[in-house]
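Values in this text are rule-based calculations from the coordinates and carry no lab data. Treat the numbers as computed from the prediction; the structure is a model and nothing was measured. So basically every Cβ, Gly included, is an ideal-geometry build from the backbone, and we count neighbours across all protein chains shown.
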Ligand SMILES: NC(=O)c1ccc[n+]([C@@H]2O[C@H](COP(=O)([O-])OP(=O)(O)OC[C@H]3O[C@@H](n4cnc5c(N)ncnc54)[C@H](O)[C@@H]3O)[C@@H](O)[C@H]2O)c1
């Protein structure tokens, strides 16, 4: 039997079972829905609604692009009591919606759409002007597929933005345009913003706002993901605009995060890249485990039980390259094992080269200052230890010395005379003249250097901000003189 969309009760997220059933809103509000404009509640047709008793603001929302994201969003917004106008260029999708059925296969979605169409909360149109006039907020959920070279095709979003702008031009309508489609940072700010401004004929940020609100749902669990998102992320620096978007989510239980548009866009890519990375990591560990005659499922099951270091924020902050006596050696051993058996563990193979790339970036930062007299704070792989084995800062120091830099190092945990065993052997190989480079007093370092390199948290205990006034590179955060350096786009 052909399995139809949502016929598996395990998969489905039913209209009735949803936490935020619209009837619960109606029950606590004795009034029928009253859609209220921003300037007062006196329109009979739906516009922006305030249900003052339970503090719910109901809005008129136009959703551009009734595909997977658009339909789930429409269902969620309608379900929360907003009035939704679905817009698409695909007439078949609109007529399916008008008949009360979902044009995309998503478990449970049909029920939501049918109910909302019946309740008059979901309408459709292909007429952009009509949609814009009948709404206060536009959510853009059109596709942003890959171009043949891997770039983002922005044709559809550009078209929608331009047509919304044209519909708004010559009006005095207040409006918020929300980008939910996935776009690389910069596209909204550098392409779509100017396009919208041109089409409206006035600058953004006054009566019309443009922001982003990335979507994190997954197909097949779309409704549940919509209702229980990891967070609600809005990219805007305008409080009013942020408020307007957050109101769309009513009482959805999720952390609200408002940040700038570029950060919001990047978060979406970081999340998807992280998911993809996790899948490949688990698969490669599975492959190596299998080769060892071990059940990879059992391995990863135990790995996932560690919420201190594995499934946790640990190791998930951009900083300097990793090092120390364990990580590099153990990754190297795993990679060698896999390579000798041709397991094709491309992700694991890339870890050490990626780490080295980070170190090279640090060296470039130093080179770019043009200074030759360098002061390095921190030498061991992290503050609080004298373990120098495979410390990236030792490699950095060794490379700088090889390139003729005049280097001094301050690390109170490292005493050249106290190093022993493999730690001493490592230093003898890489920094044989360590004793001559180390200084006991950070002031000596400040006097010597034209550029200060902060390698570890040792720097937090020396007052370099008030004592050193030349160039400072914080390798821990990839900051130069306290700021992120933007590389020119090649
Ligand atoms: N599918 C997912 O699971 C998912 C999850 C999160 C984010 N996203 C992102 O959301 C966006 C939409 O993804 P999707 O899977 O819903 O896409 P989709 O292809 O299913 O839907 C896009 C819809 O936009 C319509 N459209 C195209 N041009 C239009 C125009 N000018 N005016 C109105 N409608 C137009 C298409 O006809 C189509 O119905 C993408 O940027 C995607 O990366 C998708």
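Tabulated data
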| quantity | calculated |
| --- | --- |
| Extension gain from residue 216 to residue 311, taking 0.36 nm per residue of separation minus the Cα-Cα distance | 32.3 nm |
| Distance in nm between pseudo-label sites at residue 417 and residue 276 (7 Å out along the Cβ direction from Cα) | 5.5 |
| Förster radius 35 Å - calculated FRET efficiency between residue 304 and residue 173, Cβ distance, rounded to 0.05 | 0.10 |
| Using alpha-carbon coordinates, inclination of helix 351-369 to the longest axis of the chain, degrees | 80 |
| The chain: calculated mean residue ellipticity at 222 nm from DSSP helix runs of at least 4, using -39500 (n - 2.57) | -11500 deg cm²/dmol |
| Packing-based ranking, highest mean first, of 304-316, 187-199 given that Cβ atoms within 10 Å are counted | 187-199, 304-316 |
| Gyration tensor (alpha-carbon) shape descriptor, segment 22-259, a/c threshold 1.5 | rounded |
| Fewest-first ranking of 261, 237, 182, using other Cβ atoms within 10 Å as the exposure measure | 237, 182, 261 |
| Degrees, to the nearest 10: 109-118 long Cα axis against longest axis of the chain | 40 |
| Ranked packing of 439-447, 328-336, most packed first, by mean Cβ within 10 Å | 439-447, 328-336 |
| Using alpha-carbon coordinates, inclination of helix 392-402 to the longest axis of the chain, degrees | 60 |
